[in-house]
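A.B. asks: The structure is given below, and queries will be raised subsequently.
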Amino acid sequence: MNKIVIIDYCDTLFKGQSLQLYIEYLYSKIRPKSISNYFHRILLKFPISNDNYKNFAFRGISGTSKDNIEKLSLEFYENILKKKHNIVIENIMYKHLKDNDKLIIVSGGCLEYLKHLSKDYILDTVIGTELKYNNSNRLIGIKFPECLSENKVIYIQKYFNSLNLGWDNTILYTDSQTDLPLLYMVNEGIVVGYSDTIPEWGENIFKYLKI
């Protein structure tokens, strides 16, 4: 039976944390010389929490048109992200495609740039955090709940329900401890990383793949 292969994006397929880079990229392109932009960029270096960071970050560029966000998101994917994809994970994806397995990318990053992965890989779907726009298609912020931790399970389950799929024959590749809820849902959880040994949180529980 064909497998359903779920792949995390940041520090798995992509070498780094894409959302922080995305925010920095947007700030460099949207009103880069404004005083408001300048102070937001300084304050973003001292976030109180991840939620605070994201809320504050997108508030600083709120009002930007959806068309402009879409344009910049494509540029960001092509110029920043694409060249830093991990060849080990890419080869794993190609092998699964050869076996006619389903491929799903899931990430806490924004769909505005993640959706462009479908141009370079044969994916069944891409699941991520969405940005929120008002009735005039102007940026407001992030849609909650974000695609993180146990919410990843909820979003994937929703996708499975739409296609009458189950968790049988599922595999997950991820680097992150925050994906433990998802690791415990799949049939086969594979932790990936750059060191020679699996992180302590995954010892004696999951397989490990050095990438």
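The values are calculated or read from the model by the stated rules, or taken from the named source; none is laboratory data. Just so you know, these numbers come straight off a predicted model, no measurement behind them. Positions of Cβ are backbone-derived with ideal geometry, glycine not excepted, and every protein chain shown enters the neighbour counts. Quick note on the areas: whole protein, heavy atoms, side chains included, nothing else; ligands and nucleic acids left out. Shrake-Rupley method; radii C 1.70, N 1.55, O 1.52, S 1.80 Å.
A.B. asks: Can you name the residue in region 176-202 that is part of a loop (DSSP other than H, G, I, E, B) and buried (at least 18 other Cβ atoms within 10 Å of the Cβ) and, of all such residues, is modelled with the lowest pLDDT? Even if it seems obvious, please write down each step before you answer.
C.D. replies: In the first step, residues of region 176-202 are kept if they are part of a loop (DSSP other than H, G, I, E, B); the result is 176, 184-187, 194-199.
So of that shortlist, the ones also buried (at least 18 other Cβ atoms within 10 Å of the Cβ) come out as 176, 185-186, 198.
Details: Ser176: 96, Met185: 97, Val186: 98, Ile198: 93.
Filtering first and then ranking leaves Ile198.
A.B. asks: Pairs needed: first member in region 189-211, within 12 Å of Tyr173 (Cβ to Cβ) and touching a residue at least 12 places away in the same chain (Cβ under 8 Å); second member anywhere, open to solvent by 30 Å² or more (accessible area, probe 1.4 Å) and assigned to a strand (DSSP E or B); C-beta distance under 6 Å; at least 6 residues apart or different chains.
C.D. replies: From residues that are within 12 Å of Tyr173 (Cβ to Cβ) and touching a residue at least 12 places away in the same chain (Cβ under 8 Å), the pairs are Ile190/Lys207; Ile190/Leu209; Val191/Tyr208; Val192/Leu209.
A.B. asks: Now for a different question. Taking the stated definitions as given, is Trp167 part of a helix (DSSP H, G or I) and either in contact with a helix residue (DSSP H, G or I) (Cβ under 6 Å, 6 or more places away or on another chain) or open to solvent by less than 90 Å² (accessible area, probe 1.4 Å) (or both)?
C.D. replies: Values: part of a helix (DSSP H, G or I): no; either in contact with a helix residue (DSSP H, G or I) (Cβ under 6 Å, 6 or more places away or on another chain) or open to solvent by less than 90 Å² (accessible area, probe 1.4 Å) (or both): yes.
So Trp167 does not fit the description; no.
A.B. asks: Still on this structure, I have one more. Pairs under 7 Å by beta carbon, first residue more than 14 Å from Leu111 (Cβ to Cβ) in region 137-153, partner outside any loop (DSSP other than H, G, I, E, B) and aliphatic (A, V, I, L, M), six or more apart or different chains?
C.D. replies: Hits for this filter: Val153/Leu182.
Let's see how each residue does on (1) of a type in the set (Lys, Arg); (2) surrounded by fewer than 16 Cβ atoms within 10 Å (Cβ to Cβ); (3) under 30 Å from Ile61 (Cα atoms):
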residue	(1), (2), (3)
Ile127	no, no, yes
Asn135	no, yes, yes
Phe160	no, yes, no
Ile171	no, no, no
Lys207	yes, yes, no
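A.B. asks: Taking region 137-156, which residues are in a strand (DSSP E or B) and either of a type outside the set (A, V, I, L, M, F, W, C) or on the phi > 0 side of the Ramachandran plot (or both)? Even if it seems obvious, please write down each step before you answer.
C.D. replies: As a first pass, look at region 137-156 and keep what is in a strand (DSSP E or B): 138-142.
Answer for region 137-156, where residues must be in a strand (DSSP E or B) and either of a type outside the set (A, V, I, L, M, F, W, C) or on the phi > 0 side of the Ramachandran plot (or both): Arg138, Gly141.
A.B. asks: Taking region 1-46 only, how many residues are under 23 Å from Cys147 (Cβ atoms) and either at pLDDT below 75 or open to solvent by less than 60 Å² (accessible area, probe 1.4 Å) (or both)? Step through it out loud before you land on a result.
C.D. replies: Initially, region 1-46 is screened for residues under 23 Å from Cys147 (Cβ atoms), giving 3-27, 44.
Now narrow it down to the ones that are either at pLDDT below 75 or open to solvent by less than 60 Å² (accessible area, probe 1.4 Å) (or both): 4-14, 16, 18-19, 21-23, 25-27, 44.
Qualifying residue count, region 1-46: 21.
A.B. asks: Right, next: Just to verify a result, which residue in region 60-90, among those that are buried (at least 18 other Cβ atoms within 10 Å of the Cβ) and small (Gly, Ala, Ser), is nearest to Lys210 (Cα to Cα)?
C.D. replies: Ser73
A.B. asks: Got a number for residues in region 47-68 being at pLDDT below 80 and either on the phi > 0 side of the Ramachandran plot or of a type in the set (S, T, N, Q) (or both)?
C.D. replies: 4
A.B. asks: Mind listing just one residue for me: the one in region 108-122 that is in a loop (DSSP other than H, G, I, E, B) and open to solvent by 30 Å² or more (accessible area, probe 1.4 Å) and, of those, farthest from Asn187 (Cα to Cα)?
C.D. replies: Quick first cut of region 108-122, residues in a loop (DSSP other than H, G, I, E, B) only: 120-122.
Within this subset, residues satisfying the condition of being open to solvent by 30 Å² or more (accessible area, probe 1.4 Å) are 120, 122.
Numbers: Asp120: 27, Ile122: 22 Å.
By that ranking, first place goes to Asp120.
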